[in-house]
Amino acid sequence: MAIMTDKQLQFIAWLITTATDKCQTIEEVKAMNAEIRKHSLGIKEESEEEK
């Protein structure tokens with residue numbers, strides 16, 4: 001997998017914090033985090049297949 005730039009990492013951090021800022025409860029934050037993890041696992045599996 002290619003190395004991410006600082007700008008790309010800053011954008012991802014902004015995206016996640018913007019999404020979780022809209023949550024009203026900690027349960028909503030946990031659900032959002034679970035959804036993010038589910039999708040990031042797919043990315044990890046795809047990148048491992050490229051090796």
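Bear in mind these aren't lab numbers, they're just calculated from the coordinates by the rules spelled out. Owing to the predicted nature of the structure, the values given are computational and were not obtained by experimental measurement. All Cβ positions, glycine included, derive from the backbone under ideal geometry; neighbour counts span all protein chains shown.
For the stretch 27-41, backbone phi angles converted through the Karplus equation (6.51, -1.76, 1.60; θ = phi - 60°) give residue-by-residue couplings of 5, 5, 5, 4, 5, 5, 4, 5, 5, 4, 4, 4, 6, 6, 5 Hz, Gly and Pro being listed as x.
Residue by residue, the stretch 10-20 carries 3J(HN,Hα) couplings of 4, 5, 4, 4, 4, 4, 5, 5, 5, 5, 6 Hz when phi is fed to the Karplus relation 6.51 cos²θ - 1.76 cosθ + 1.60 (θ = phi - 60°); x denotes Gly or Pro. Net charge in the neighbourhood of C23 (other residues with Cβ under 14 Å of its Cβ; Lys, Arg +1, Asp, Glu -1) is -2.
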